[in-house]
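What follows is one structure encoded as structure tokens, with my remarks underneath.
Where a number appears in this text, it was derived from the coordinates with a stated rule and is not lab data. Note that the structure is predicted; figures quoted are calculated from it, not measured. FYI the Cβ positions are ideal-geometry reconstructions off the backbone, even for glycines, and counts take in every protein chain you see.
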Amino acid sequence: MADLAKKEKPARSKAEAQGNYIFNRKWEPVLYMLPFALGLLVFTIYPIVRVVIMAFQEKYRLSGRYDGFGLYNFQYVLGNDDFRNAISNTFIYVFTVVPIATILAILIANLLNQKIRGMAIFQTAYFLPMVTSSIAVGLSWRYIFNSQIGVMNWLLSLFGIEAVDWLGASGGVAPWNIVAVIIFGVWNMLPFTIILLLSGLQNIDPMYYTAAKVDGAGSRKIFFRITVPLLAPTIFLTMIINMISAFKVYNEIIPFWSGRPGAINNLYTMVYFIKEQFYSKDRLGFASAAAIILFLIIFTFTMLQRYVQRKFRY
Amino acid sequence: MKAEKIRKCFIYAFLILGAVIMLFPFYWMISSSFKTAAEYNSFPPTWFPSDWLNLDNFTRAFEKRNFFVYFINSVIVTFLSVSLTGIVTILGAFGFSRLRFPGRSAIFGMLLAFMMVPFEMLVITNYQTVTRMQMVNSLRVLIIPFISSIFYTYILKNFFDTVSDSLYYSARIDGASNWKYLWRVMVPIAKPSLVTIMLLNAISSWNSFMWPTLVITSNKYRTVQLGLFTFMSEAGSDTKLQLAASTVSILPMIILFLFARRYIVNGVARGGLKG
């Protein structure tokens, strides 16, 4: 036994690590990696290459051949009304849902972080929407937003506010459609946001709080002077992760109009546009160009996230 | 002390109000599934259905639609997806964590960059691929494209990396092959991470929506989410029945969450949900 251990030990040296000290058969790693690599190649790597090619391929000619490579698809997509509509809706969605969800989540996480009874019940209540599908729960929201029999308008009526046409388009305009989607989106995003912020709060050294209390700071002062600044990196990261996922908004608009984008096709989102182009209209080039624009936006935010993570971590 | 008590009261009041708002859509969905047509259409709304044993909406929804079949399909897809993805992830993560092969860390770095690419971008080509492979309208088309997950492999690899090398050497000295070492030592140690991965995967499989709408057109292979969607897009269909079907569709996830809340929450706090 001791003898063998001696033999194995030098294997840890760097020079040996480059070789195959860990297995005596060179093909062994291949067997382990093969299923993973195969799936990845077919369903991730190939599609990435393909979508870039398709985005730059010009329209099919009548003959069925390509015209060559160029920026036509991007030109078309950026000039398309539905796509412009999609970009503006997506940005409105991202820059309302994410800040609202973040502010609410900071408040709730801060309260959940105190010593309170019934923690399990509160956690269950606040985190449940995370595991349930937007399609199923969206149906319930659709009923809530119903302009005649919905709970939302009943609530408004208590304050003497007239019924709002949340999901419809009375008079040919549908300004409330996006508001309904935003409310649903905030509700959907809260659990994930609260969880991340709560774990951020739990990482704050309790020493800071003790010190502040000794100095006689009130709870509001503690919140704004200690909690918020120390939580800032987590808040920022959470916001960026949420923005990345909010840019892909799609499922949230499906249940309200049974799969149509808004009451009068007014609520295109970027993903909805991509899906419609390649699936319903069979325009792969336009879909690919739109997908690449979406990717570039997400890429920018991911880079921002990496940068912040590196800056705050140590 | 009195001020402290008042503060606590405020905290509870706020938390309870928030919890009510968060839970209301669930309550509304479930309670409305038991309503009669008159109760459903009343305004002001009916807060409590008169008969909580009125299963009319459930039976009619299940009779009218093949929800039973959809349910079984979803169970099969979720089960197979979790097991197959689990196995592929374990093997891949072990490869990246323990086995030495040329370009290992470079490849892994590249994979992490791929994680940024949204599924919505891959879907264009993947749809064509499965069409060409003649996989559309089958249950396997809902499983196979998702078997290799960079995200899950990344989580598990990170965990494998924390397992001390000395365990490996002693196992090797005792004559265990890599294969045995992986399944007898690594996998049992990594159980918490594995459970987390499997739970996250089960949730995303069960709730998967966009992909099934693209690749399943036959009634036979519909999943629950797809069944709900076709149910709601059907002209003139009864909303009460849709809500009853929705209630049944979210039950498995609610049960899963009640039993495994801690695992799910920890998993989400560490890595976030897929997508």
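Putting +1 on Lys and Arg Cβ atoms and -1 on Asp and Glu Cβ atoms, find which of A:234, A:250, A:224 reaches farthest to the positive end of the dipole of region A:221-314.
Of the options given, the answer is A:224.
Give me A:220, B:222, B:65 sorted ascending by neighbouring Cβ count inside 10 Å, so fewest comes first. Present the calculation step by step, with values, prior to reporting the outcome.
Values: A:220 8, B:222 25, B:65 21.
Sorted ascending by nearby Cβ count, the order is A:220, B:65, B:222.
Over 28 Å between Cα atoms, which of A:221/B:2; A:275/B:191; A:221/A:248; A:115/A:221 qualify? Spell out each step's value before the answer.
On the way: A:221/B:2 20 Å; A:275/B:191 38 Å; A:221/A:248 38 Å; A:115/A:221 19 Å.
Violating the 28 Å Cα-Cα cut-off are A:275/B:191; A:221/A:248.
If a/c stays under 1.5 just call it rounded; otherwise compare a/b with b/c (prolate if a/b is bigger, oblate if not). Do that for region B:140-230, with a ≥ b ≥ c from the square roots of the Cα gyration tensor eigenvalues.
Cα axes put region B:140-230 in the prolate bin.
When you have a sec, figure out the Kirkwood radius of chain B from all distinct Cα pair distances and drop it here in Å to one decimal?
22.1
So which DSSP H runs in chain A come out at 24 Å plus along the axis (Cα) with average Kyte-Doolittle of at least 1.6?
A:176-202, A:228-246
Rg and Dmax of the protein assembly as shown, Cα atoms, in Å?
Expressed in Å, the Cα Rg and Dmax of the protein assembly as shown come to 26.1, 88.
Fewest Cβ neighbours within 10 Å first, please rank A:130, A:152 accordingly.
Arranged by neighbour count, lowest to highest, A:130, A:152 become A:152, A:130.
Bin all alpha-carbon pair distances of region B:63-197 at 10 Å intervals from 0 and give each bin's fraction as a whole percent.
All Cα pairs, binned at 10 Å, distribute as 10, 32, 31, 18, 7, 1, 0 percent.
When Lys and Arg each count +1 and Asp and Glu each count -1, what net charge do the other residues less than 11 Å away from residue B:70, Cβ to Cβ, add up to?
Once all neighbours under 11 Å are counted, the net charge is +3.
Using only the alpha-carbon atoms, how far is helix B:224-233 inclined from the longest principal axis of chain B? Give it as 0 to 90 degrees, nearest 10.
40
Where does the Debye-calculated log10 I(q)/I(0) of region A:88-147 sit at q = 0.21, 0.24 Å⁻¹, using only Cα point scatterers of equal weight, no solvent?
Those come out to -1.06, -1.10, one per q.
Can you compute log10 of I(q)/I(0) for region A:72-313 with the Debye formula, treating each Cα as one identical point scatterer, at q = 0.10, 0.15, 0.16 Å⁻¹?
-0.59, -1.11, -1.19
Which ordering of B:187, A:98, B:20, A:151 is given by a fewest-first count of other beta-carbon atoms within 10 Å?
Starting with the residue having the fewest Cβ neighbours, the order is B:20, B:187, A:151, A:98.
Quick one: helix B:150-162 against the long Cα principal axis of chain B, what's the angle to the nearest 10°, folded into 0 to 90?
Around 50 degrees separate the two axes.
Quote the charge dipole size of region A:72-313 about the Cα centre in Debye, to the nearest 20; the model charges only the Cβ of Lys and Arg (+1) and of Asp and Glu (-1).
820
Quantify how strongly other chains surround peptide B:110-119 by giving the mean number of their Cβ atoms within 10 Å of each of its Cβ atoms.
Values: counts 1, 4, 0, 2, 4, 2, 9, 9, 13, 5.
Average per residue, whole number: 5.
Order these peptides, A:293-304, B:197-208, by their mean beta-carbon neighbour count within 10 angstrom, highest first.
Working: A:293-304: 16.9, B:197-208: 22.3.
Ranking, from highest mean packing down: B:197-208, A:293-304.
Report the label-to-label distance for residue B:27 and residue B:138 in nanometres (one decimal), using points 7 Å from each Cα along the Cα→Cβ vector.
About 4.7 nm separates the two model spin labels.
Taking just the C-alpha trace of region B:130-169, give me its Rg and Dmax in Å.
Reported Rg and Dmax, both Å: 17.0, 49.
Just counting partner chain Cβ atoms within 10 Å, what average do the residues of peptide A:26-33 show around their Cβ?
Taking the mean over all residues of the peptide, I get 6.
Using alpha carbons only, how many degrees (0 to 90, rounded to 10) separate the axis of helix B:239-271 from the longest principal axis of chain B?
Tilt relative to chain B: about 30 degrees.
Given the -39500 (n - 2.57) contribution per DSSP H run of 4+ residues, what per-residue ellipticity at 222 nm results for the protein assembly as shown, rounded to the nearest 500 deg cm²/dmol?
Per the formula, -21500 deg cm²/dmol.
Return a whole-number percent for the relative contact order of chain A, with Cα pairs under 8 Å and 6 or more residues apart as the contact set.
Over chain A, the number comes to 24 percent.
Rank A:109, A:290, A:169 by mean-square fluctuation in a GNM of chain A with C-alpha springs under 10 angstrom and give only the top-ranked residue.
Maximum fluctuation in the GNM of chain A, among the listed residues, is at A:169.
In peptide B:25-32, how many Cβ atoms from other protein chains are near each Cβ within 10 Å, on average?
6
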